[in-house]
Amino acid sequence: MNPSALSIRDVSKEFSPGVRVLTHVDLEVVQGETLILIGESGSGKTTLLRMFNGLTHPSSGEVCIHGEPIQVKDPIDLRRHVGYVQQDAGLLPHWTVEENVGLVALLLGWEPERRTSRVHELLDLVQLDPQQFRARYPIELSGGQRQRVAFARALAADPAIVLLDEPFGALDAITRHELQRQFLGLKQRLKKTMVMVTHDVDEALRLGDRIAVLKDGHLLQTGTATDLLNAPAHDYIVQLLRHRSHGDHS
Amino acid sequence: MTRGLHSVCLVALVFFVLLPSPAFSQEDRIVVGSKNFMESKLLAEIFAQLIEARTDLAVERRLGLAGTQVCFEALRTGAIDLYPEYTGTGLVSILQQPPTGDARTALNVVRAEFLKRWDLWWLSPLGFENAYALAIPRSRTDGAPLRTISDLVKIAPSLTGGFGYEFINRPDGLPGLETRYGLTFQRVQAMQQSLKYQAAAAGEIDVLDVYTTDGRLAVYDFVVLEDDRQFFPPYEASGLIRGSTLAEHPELGSILGLLANAFDAGTMRQLNYRLQEGGESPEVVARDTLSALHLLTGDEAVTQPVPHRDGLLAYAWSKRTTLMRRTIEHLSLAGLALGLGILVAVPLGLLLERHHTVAEPVIRGIGLTQTIPSIALLAFMIPVFGIGMLPAVIALWIYSLFPIVRNTYSGLRDAAPQAVDAARALGMTEWQILHWVRLPLAAPVIMAGVRTAGVITVGTTTLAAFIGAGGLGVPIVAGLQMANTTVILSGALPSAALALMIDGFLGRVETWVRPRGV
Ligand SMILES: Nc1ncnc2c1ncn2[C@@H]1O[C@H](COP(=O)(O)OP(=O)(O)OP(=O)(O)O)[C@@H](O)[C@H]1O
Ligand SMILES: [Mg+2]
């Protein structure tokens, strides 16, 4: 088995005393795999995801990255080397597409030429024509284009780990399907460690190497699609899987 | 990306560069002050012109300072060298001593005390008193030989008194008068100062309180009753001058001494009438007066009729150079205050955004300054900063802080939370977030605060006239005293126009700093 990229041990989180958002969560993400966090709204998916780049700190328990506890790392440096796609794309509204995608490269002090060529490469990767889109502001993009820019931005400095919070949320079924197809292609090519949040079962089954199911802050089961289908550990998972629209998850 | 920050700095800078640097040369310059009513201005102008005619000294005029407190503090601290004052005011308001009925005693007390305490010199009295008195329309005397207040006592029970609110309440007003003379009226009517004369002329009231040199006494046929029991404190007019000024320019003592006993109450009424009702300017009336006294060296009489009643445009045109200068003064004061406000409030807002816990208390504290009435704030400035431009700018600066700090702080704090979160998640440091995300996104909100402060400042600057800082408040204050709408409007309209222009200009800047894409 590949070495561990990210791990969470016995993590609990309370934003205010007595109100548990996460309860004794254990999770391991191995290098190169795509792990999907699935659960209903408010189950704690975003909270858990943000622990991996130190945006949220556990109330108890330990978060490790490449085997090292996260708190010994410089958080600024850590975040520059972990790609992150926010739940709502989170583009800087006053920066152009080119500036947004080149953000981390700028922070890392890359030369302008290197930055520009990298930005163009990434825009090509997410199938946005650089000539057409680089000078646009986020407000001049469609929702799906914005999410692709955010995805490109997360990959810009070639991080080994990418965190994605509902990158295909709030899209129509056709666009969503198309983006998922592109994502699968990229996943094969890039071989990155990815943690992706979704509340959509089809998406989880289609994109995930493994799937972790969250409910009210408890991690109910972690396993491959087959594990979940064949041996659901909880009634809730049986119910959840019943919401599939159809069986194909190639 | 940081156009917001840069342009806010730029606006501050522009205001500074546009400012004429005030010259602060002290030597061979006499500063003459006055209070904000016509007689005081006239006497000050007479002093000023006499000094100009008979010495080589340059004279600077700080006329229309807001009341005794302001004038006296200005004199004591050396912001002015000389102003006209009344012995009764010196005794009662400044020394806080009980009034005395005798003019000579009053003069000797204030002379001795002012010399001892502050080295301030009361010059020879000018010859008239501007005191309280009772007056009665001649038609109401029914031919009785009415000359003194004692004469009035006999017929008073059938008369109606119409008195100002202050007079009715002051112990040295009606209450004391009634006790001293055993005076009782059939009825006492409280009245606005300016309405009493018409009311008396129309027969609504029979007896009224007047100031003995009020110009209207020159036209209304009133008998001013002699205070035969010397109840009213004497208010002899005289020049009050700093000892150090006299030591430096000893000739001033003898030159101003030329005015000793030069006026009686009748003359002053005539002169006040020309100012109050004729709408003439103190400069012109002062020149005529000195000329009539043969105290000017050459024949410099330049009596130019002032077309006060010719409508606003004609008046404003005739005063265009003065109004232009006032406008520049006004803009300088407001601009300097606003510029300083931006330079302090924007960094303060930035600092507070880094220290959330103290932010609200600090901002609320600054907000309290907004609740101080502006005229009171200006008055607080005098003991510390004297009069003129400095205290005015400081007071206006204090007013400009709150809107800018408030908007800077909340603009930065609330600026696009998603964008800030994304910036942090991708590894920007807090300073990079401030510089690249918060500031540009908050720039329009910050500019909106600057704009609010700008309009407030331009409006409040009209009050700077009260502490001798000039500006468009000068014609407004003068017009209010003369009850002359034309003069008021000649200051009020340009200042309103300035406020609109500043608002428009800063509105443009606000649009301009709005980052693209927002
Ligand atoms: N900063 C915070 N302070 C207080 N409570 C919070 C905070 N962030 C999240 N929560 C609470 O924690 C719980 C889990 O939130 P989280 O954002 O992790 O949910 P989620 O699973 O991502 O939901 P969704 O699918 O709607 O995005 C919610 O009840 C939320 O209200
Ligand atoms: Mg979420």
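Bear in mind that the values in this text are calculations on the coordinates, not laboratory data. This structure is a prediction, so every number in the text was calculated from the model and none was measured. Ideal geometry is used to build each Cβ from the backbone, glycine not excepted, and the neighbour counts take in all protein chains shown.
In angstroms, what radius of gyration and Dmax does region B:319-392 have, counting Cα atoms only?
Values for region B:319-392 (Cα only, Rg and Dmax): 16.3, 54 Å.
Quick one: if the Förster radius is 41 Å, what FRET efficiency do A:L229 and B:R516 give, using the C-beta to C-beta distance and rounding to 0.05? Mind showing how you got there, number by number?
Numbers: r = 50 Å, r/R0 = 1.22.
Once rounded, the FRET efficiency stands at 0.25.
Find the all-direction average of the projected area of the Cα convex hull for region A:83-159, expressing the result in square nanometres with one decimal place. All intermediate terms of the calculation are to be shown ahead of the outcome.
Working: hull surface 17.8 nm².
That works out to 4.5 nm², a quarter of the Cα hull's surface.
Using only C-alpha positions, report the orientation-averaged shadow area of the convex hull of region B:319-513, nm², one decimal.
On the way: hull surface 48.2 nm².
Result: 12.1 nm².
Along Cα→Cβ, 7 Å out, is where each label goes; now give me the distance between the ones at B:A144 and B:H356 in nm to one decimal.
8.1 nm
Could you tell me the center-to-center distance, by alpha carbons, between region B:69-94 and region A:181-217 in angstrom?
With region B:69-94 and region A:181-217 each reduced to a Cα centre, they are spaced 85 Å.
Count the DSSP beta bridges whose two residues both fall in region B:132-224, then state the antiparallel fraction as a percent rounded to the nearest 5. Write out the running numbers ahead of the final one.
Numbers: 7 of 13 bridges.
Just about 55 percent of them are antiparallel.
Can you give the % of DSSP beta bridges in chain A that are antiparallel, to the nearest 5? Kindly include the intermediate steps, with their values, before the conclusion.
On the way: 21 of 39 bridges.
The antiparallel proportion sits near 55 percent.
From the P(r) of chain B, could you give the percentage of C-alpha pairs in the tail past 34 Å? Don't skip to the answer; put the middle values down first.
Details: 65247 of 133903 pairs.
Of all Cα-Cα distances in chain B, 49 percent exceed 34 Å.
Quote the relative contact order of chain B in percent (integer), defining contacts as alpha-carbon pairs under 8 Å separated by 6+ residues.
On the way: 882 pairs, mean separation 102.9, N = 518.
RCO, chain B: 20 percent.
With angles folded into 0 to 90 degrees, how steeply does helix B:67-76 sit against the dominant principal axis of chain B? Use alpha carbons for both and round to 10.
So the helix axis and the longest Cα principal axis differ by about 80 degrees.
With a ≥ b ≥ c the root eigenvalues of the C-alpha gyration tensor of region B:216-291, is it rounded (a/c under 1.5), prolate (a/b larger than b/c) or oblate?
Oblate is the answer for region B:216-291, as a/c is 1.5 or above yet b/c matches or exceeds a/b.
Taking the beta-carbon count within 10 Å as an exposure proxy, list B:D142, A:D88, B:D414, B:D209 from fewest neighbours to most.
On the way: B:D142 8, A:D88 17, B:D414 13, B:D209 22.
Ranking B:D142, A:D88, B:D414, B:D209 by Cβ neighbours within 10 Å, fewest first, gives B:D142, B:D414, A:D88, B:D209.
Report, in whole Å, the centroid distance computed from the Cα atoms of region B:233-285 and region B:152-223.
What the calculation gives is 28 Å, centre to centre.
Taking a ≥ b ≥ c as the square roots of the eigenvalues of the Cα gyration tensor of region B:175-229, is the shape rounded (a/c under 1.5), prolate (a/b larger than b/c) or oblate?
Numbers: a/c = 2.04, a/b = 1.33, b/c = 1.54.
It is oblate, given that a/c is not under 1.5 and a/b is not larger than b/c.
What is the mean number of Cβ atoms from other protein chains located within 10 Å of the Cβ atom of each residue in peptide B:412-422, rounded to a whole number?
Numbers: counts 0, 0, 0, 0, 4, 1, 8, 8, 2, 7, 12.
Other-chain Cβ atoms within 10 Å of each residue's Cβ, averaged: 4.
By its C-alpha gyration tensor, with a ≥ b ≥ c as the square roots of the eigenvalues, how is region B:132-224 shaped: rounded for a/c under 1.5, else prolate for a/b larger than b/c, else oblate?
Verdict is rounded for region B:132-224.
For chain A, find the longest principal axis of its Cα atoms and tell me its angle to the long axis of helix A:143-155, 0 to 90°, nearest 10.
In chain A, helix A:143-155 runs at an angle near 90 degrees to the longest axis.
What relative contact order, as a whole-number percentage, does chain A give when Cα pairs under 8 Å and 6 or more residues apart are counted? Don't skip to the answer; put the middle values down first.
Details: 438 pairs, mean separation 66.4, N = 250.
Dividing the mean separation by the residue count of chain A yields 27 percent.
For the protein assembly as shown, what's the radius of gyration and Dmax over Cα atoms, in angstrom?
Here Rg and the maximum Cα pair distance are 40.5, 127 Å.
Regarding region B:255-397, what is the average projected area of its C-alpha convex hull, in nm²?
Working: hull surface 54.6 nm².
Result: a mean projected hull area of 13.7 nm².
Work out the P(r) tail for region A:132-189: percent of alpha carbon pairs separated by more than 19 Å, whole number. Provide the component values of the computation, followed by the final result.
Working: 528 of 1653 pairs.
Summing the P(r) tail past 19 Å for region A:132-189 gives 32 percent.
Give, as a single signed number, the net charge of other residues whose beta carbon lies under 12 Å from the beta carbon of B:T327, with Lys and Arg counted +1 and Asp and Glu -1.
After counting each charged neighbour, the total is +3.
What percent antiparallel are the DSSP beta bridges of the protein assembly as shown, to the nearest 5?
Working: 37 of 69 bridges.
Of the beta bridges lying entirely in the protein assembly as shown, close to 55 percent run antiparallel.
Taking the simple approach of a point 7 Å from Cα along Cα-to-Cβ for both A:L241 and B:V344, what is their distance in nm?
7.0 nm
In whole percent, what relative contact order does region B:460-518 give with Cα contacts below 8 Å and a gap of six or more residues? Before the final figure, lay out the partial values.
Numbers: 46 pairs, mean separation 12.3, N = 59.
Value for region B:460-518: 21 percent.
Nearest 0.05, what FRET efficiency do A:H120 and A:E40 give at R0 = 30 Å with Cβ-Cβ as r? Write out the running numbers ahead of the final one.
On the way: r = 39 Å, r/R0 = 1.31.
Calculated transfer efficiency: 0.15.
What are the extents of the Cα atoms of chain A along their three principal axes, in Å, largest first?
Result for chain A: principal-axis Cα extents of 52, 45, 37 Å.
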